[in-house]
Each structure stands twice: as structure tokens, then as C-alpha cells.
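In what follows, a single structure is set out as C-alpha cells and then discussed.
Derivation of every value follows stated rules applied to the coordinates shown; laboratory data play no part. Predicted, not measured: the structure shown is a model, and the values here were computed from it. Because the Cβ atoms are built from the backbone with ideal geometry, glycine has one as well, and the counts that use them run over all protein chains shown.
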Amino acid sequence: MSRARADEEEYWHSSKFRAFTFDDEDDELSQLKESKRAVNSLRDIVDDDDDDLEKVSWSGEPVGSISWSIKETASSSTTSLESRDSSLPKGSSSYTALPKQASSYSLSSLFKGRNKLPSFQSLSDALSDTGVKNYAPELRRPKAEYKDYSSDWSPKDTVRRMQRGKVCSLERFRSLQDKLVLLDEAVAGNDGNVITAVLIFLKRTLRKEILFRELEVRQVALCHLIHFLKETGEQKFLLDLLRFLDRTEELALSQYREHLNIQDVEKRREFLKGCIGLPFSAEDTSHIQDHYTLLERQIIIETSDRRLEREGESEIFRKYPRKASILNMPLVTTLFYSCFYHYTEAEGTYSSPTNLKKTFKIPDKQYVLTALAARAKLRAWNDVDALFTTKNWLGYTKKKAPIGFHRVVEILQRNNAPVQVLQEYVRLVEDVETRLNLATKYKCHDVVIDTYRDLKDRIQLAAYRCKVERGSAEEEKIDSILNNMVRNST
């Protein structure tokens with residue numbers, strides 16, 4: 001009994017509060033900071049949905065971007081599991097909702113360090129409201145958004161939230177039926193980012209055969225997935241999908257694209273050789289065969305030319321060293337290379353331009369354009385002349401160009417051909433107006449004078465006389481033509 005009375009006396013004479021010291025302020029401030037950190041940790045669960053703020057994920061990317069959608073959906077499984085594990089006590093084997101427990105603290109009082117009960121007063125009570133907000137702004141949410149925390153959104157609501165850039169977890173859609181409804185709602189929403197995000201979720205959570213079967217009757221979603229797989233380079237998954245859909249030609253083309261990832265030239269050649277037997281269309285099969293033949297030809301030319309350049313036996317390689325390898329170059333580039341370094345070789349050699357023309361059925365127009373550019377760059381004007389000179393069955397020669405002589409003139413001028421060479425081909429331009437324009441532009445005076453003479457245009461001749469140099473041969477020629485015109489008119 002005496003012990004009980006002693007306890008009672010100790011109770012009434014004791015106090016839970018210490019005497020005031022100057023150290024108390026620091027203790028209270030540290031508690032306030034701890035409270036702030038505790039509430040900040042809740043942001044993983046309670047997100048701020050103020051419409052006037054830009055939503056940014058932890059990665060620093062705005063929510064709703066295509067890159068965010070892909071990353072968020074790909075990591076949603078791991079994130080949701082970790083957040084759920086952290087909210088449950090150790091040893092819990094099921095995911096249960098956190099019960100709402102009665103508490104004497106509100107979210108705002110937790111920020112401000114204030115208890116609802118009037119008996120407790122902390123240092124933060126003495127601070128002004130402005131000062132408190134500087135430490136930790138208060139989180140508020142409209143009541144209409146409370147249902148977001150329970151994750152009870154329907155597929156339609158989920159798609160709408162994703163379109164608005166809201167953070168959504170798709171893991172709650174567990175059954176196949178729910179997942180397909182979600183996909184259909186995403187397609188109906190006509191938002192490519194949302195469709196892609198849902199497809200990534202289905203790709204991760206469904207078996208291939210089930211996903212392929214369902215996408216076969218959903219062509220919009222199927223096209224999105226095929227494009228996504230091509231962009232991300234998931235070649236194996238793409239090939240499995242095309243094989244399931246029995247798209248043999250598209251499957252072959254996808255396999256053919258793999259040669260781009262092969263750097264070793266010998267391995268690429270062997271790979272292309274294996275692609276020839278794939279189920280391409282007739283036209284594509286011809287292209288694949290040409291690609292293989294061209295690479296094989298380039299390997300032979302490269303090996304030989306590298307040796308000639310190293311040994312210094314060829315004058316052309318000494319005077320014009322090669323700037324790059326011919327390997328893996330397009331057909332037109334290979335033809336230009338051959339016309340530049342191997343123009344005079346016999347047709348029987350692999351590096352001969354005529355051999356390339358015959359093997360790959362290069363049209364005359366393309367061949368002439370390429371050969372002209374190569375020989376003009378070397379200033380080999382005799383080769384240029386021979387390129388356009390033909391003989392008829394009587395032995396007479398004439399110049400003929402399948403590309404039009406006006407284009408020949410332009411190519412020659414770009415390669416700084418002398419005026420004597422230019423005006424020879426300007427004369428061959430059939431259209432009179434085009435011929436005069438080119439001759440005037442490139443100062444081929446003789447061509448301009450002869451053309452006006454043939455047209456018997458004294459006015460234009462007199463006007464052009466002012467454009468030539470005084471006392472030049474061109475001026476004397478114009479004066480002679482004008483005098484003859486006057487004499488003949490009388």
C-alpha cells in the first residue's frame with residue numbers, strides 16, 4: 001500500500017517537460033527537419049497533381065514523353081514490387097491495402113511539427129506561416145483524386161490518365177481479358193505513346209504465342225509493335241512475330257538487314273551469300289544477288305589496288321592517292337572509282353568499267369554520266385571526246401550523248417574545262433535558246449556570234465559587239481559579219 005502511495009506521489013510531482021534551455025531550439029528544429037524528410041518520403045505514394053506544374057519523373061524527363069512511357073512501363077513491375085514491399089512488415093506474404101488508422105496528427109501538422117491536441121506546443125508554433133512554408137510547403141489534393149490512391153481505375157480511366165501524362169501502374173491488370181480491354185482502349189484513344197506503353201506491358205507479361213495470336217486480329221496495335229521492334233533492334237522477337245504471321249518476304253528482308261551489323265567484310269560476304277536462298281520476291285532476289293556479287297568484286301579490286309598503291313608501281317595511284325576504301329560502297333561509287341583508276345583496262349578484268357556495266361546492267365545514261373565525271377576530273381579530254389564519238393555503218397563519225405549535251409557542258413564547266421573544249425560541246429546543243437544562254441554564261445563568244453549570224457540577227461550582233469573586248473578577234477569577226485549583211489542587203 002505504501003508502495004502504491006509512493007508511486008502516486010511520484011506521478012503528481014513528476015513532469016514530462018524539461019526546463020527551458022537554449023539547446024531546446026536546436027532539438028526542435030532537428031525534429032522538424034526529420035518530419036520534413038519523413039513526409040518527402042511519402043511522395044512515392046502521394047504525387048502532386050497540381051495542373052500548373054510540369055510533371056517530371058525521377059529520371060528528369062517530362063511525364064508523357066515517349067521515352068518516359070517506355071521506361072516507366074518497363075520498370076513499373078520492379079518499382080511497384082519494391083514500393084509494396086517497403087510498405088509491408090517483414091514476413092508478409094500477400095499484398096494488402098494499408099488500413100487507415102486513427103491518428104492525432106494531420107499531414108499538415110506533421111509538416112509543421114504540431115499536434116492536434118492543445119496540450120502540446122513545439123518550437124514551430126512560434127514561427128510565422130511564411131517561415132514555415134519556407135521549410136516545407138503543404139501538400140493538398142482535391143477530394144476527387146482520392147480514388148487514385150486505391151488504384152481502382154478502369155482500363156478507360158487508365159488510358160485517359162496516361163494520355164494526360166499521369167503516372168500509372170499497369171500491374172493491376174492481371175487477367176488476359178483485362179489486358180486486352182486495356183489494349184483496345186489504348187487503340188481507341190489514337191495515342192501512339194499510350195499504345196506503345198501498353199504493348200510493352202503486354203510483351204513483358206504475356207507468352208509470345210498468346211500475344212501474337214491476339215495482335216493478329218488487331219492490325220493497328222500490330223503495326224505499332226512491329227515498328228517499335230524495328231526501332232529498338234529487337235531482331236529475334238521481330239523474326240518470331242513475322243514467322244508466326246507467315247510474312248515470308250518481310251521476314252526475309254528483316255533477316256537481310258542484319259548484314260548492316262556485320263563489320264568484317266568476309267563475314268558479311270558469307271552472310272549475303274546465305275541470304276540469296278531466302279524467300280524474297282523475284283525482284284528482291286535479283287537485288288540480293290547483285291549485292292553479293294558487288295561486294296565480292298569490291299574485295300578483289302581492293303586487294304589488288306592496295307598492293308599496287310603500297311608498291312608504287314602504278315602512276316595513277318602515285319599521282320592521285322586513294323582517299324578511302326572501295327569496300328561496301330554503292331554501285332555508282334564503284335563505277336566512278338573504276339572509271340577513275342581503271343578506265344583503260346580490258347573488259348575481261350573485274351575492275352574494268354565496261355565489265356561492271358555489263359555485269360550489273362547499268363543503263364547507258366548512268367554509265368555516261370559517271371564516266372564523264374571521272375574523266376573530266378582527271379582532265380582527260382580525249383577520253384571525254386571518245387565517250388561521245390560514234391561511227392555509222394559508212395564510217396562517218398558523229399557525236400551523240402544520251403544525257404543531252406547541255407548536261408555535258410555543265411559537268412565540263414564544273415571541272416574547269418578550257419573554253420575551247422566547252423564551246424565544242426555548246427555548239428552541239430540543239431535548242432537555240434539554250435545554246436545561246438550557255439554560250440553567253442560561259443563566254444563562248446564564237447558560238448554566240450555564229451548563232452546570231454545563222455539567225456541573221458543584226459540587232460543582237462550589234463548589241464553583243466559591246467560585250468566583247470575592244471580590238472579582239474571576236475570584235476573583228478562581228479564587224480566582218482555586219483558588213484557582209486549590209487552588203488548583201490543592198
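Work through the residues other than L211 whose Cβ is under 12 Å from its Cβ and net out their charges, Lys, Arg +1 and Asp, Glu -1.
Here the count lands on +3.
Any chance you could list the semi-axes, whole Å, largest first, of the equivalent ellipsoid that the Cα gyration tensor gives for the range 444-489, using √(5λ)?
With the √(5λ) rule applied to the range 444-489, the semi-axes are 16, 12, 9 Å.
Using the Kirkwood radius over C-alpha pairs as Rh, can you work out the diffusion coefficient of the range 379-442 via Stokes-Einstein at 25 °C, viscosity 0.890 mPa s, in µm² per second?
Translational diffusion coefficient: 199 µm²/s.
Can you give the local net charge around E476? Use residues other than it whose beta-carbon is closer than 13 angstrom to its beta-carbon, Lys and Arg +1, Asp and Glu -1.
-2
Holding the Cα-Cα limit at 28 Å, pick out from K267/K377; K267/K357; K230/K267; K391/K443 the pairs that are longer than that.
K267/K377; K391/K443
Taking θ = phi - 60°, what integer Hz values does the Karplus form 6.51 cos²θ - 1.76 cosθ + 1.60 yield along the range 184-196, in sequence order, with x for Gly and Pro?
5, 5, 5, 5, 5, x, 6, 10, x, 5, 5, 4, 4
Using each residue's phi in the range 169-175, evaluate 6.51 cos²θ - 1.76 cosθ + 1.60 at θ = phi - 60° and report the 3J(HN,Hα) Karplus result to the nearest Hz, with x for Gly and Pro.
Karplus values, whole Hz, x for Gly and Pro: 10, 8, 5, 5, 8, 9, 7.
Sort 400-407, 274-281, 353-360 by the packing proxy (mean of other Cβ within 10 Å over each peptide's residues), most packed first.
The densest-packed peptide leads the list: 353-360, 400-407, 274-281.
Where a ≥ b ≥ c are the square roots of the eigenvalues of the C-alpha gyration tensor, would you call the range 194-337 rounded, which needs a/c under 1.5, or, failing that, prolate if a/b is larger than b/c, or oblate?
Prolate is the answer for the range 194-337, as a/c is 1.5 or above and a/b outweighs b/c.
As an exercise, identify the GluC sites (Glu not before Pro) in the range 369-455 lying in DSSP coil whose Cβ has no more than 14 other Cβ atoms within 10 Å.
Answer by residue number: E430.
To two decimal places, what compactness ratio does the range 352-468 give when its Cα radius of gyration is scaled by 2.2 N^0.38 Å?
1.22
Using the Karplus curve 6.51 cos²θ - 1.76 cosθ + 1.60 with θ = phi - 60°, what ³J(HN,Hα) values do you get for each residue of the range 213-226, in whole Hz, with x for Gly and Pro?
For the range 213-226, the Karplus-derived couplings read 5, 6, 6, 4, 9, 10, 5, 5, 5, 4, 4, 4, 5, 4 Hz, x marking Gly and Pro.
Please report, in cubic angstrom per residue, the volume enclosed by the convex hull of the alpha-carbon atoms of the range 152-246.
92 Å³
Counting pairs of alpha carbon atoms under 8 Å apart in space and at least six apart in sequence, what relative contact order in percent does the range 379-442 give?
The normalised contact order for the range 379-442 reaches 26 percent.
Rounded, prolate or oblate: which fits the range 265-363 when a ≥ b ≥ c are the square roots of the eigenvalues of the alpha-carbon gyration tensor, with rounded for a/c under 1.5 and prolate only if a/b beats b/c?
In terms of gyration-tensor shape, prolate.
Which pairs, out of K319/K361; K365/K400; K156/K208, put more than 21 Å between their alpha-carbon atoms?
Beyond 21 Å between Cα atoms: K319/K361; K156/K208.
Of the GluC sites (Glu not before Pro) in the range 233-318, which ones lie in a loop per DSSP and count no more than 10 other C-beta atoms within 10 Å?
E313
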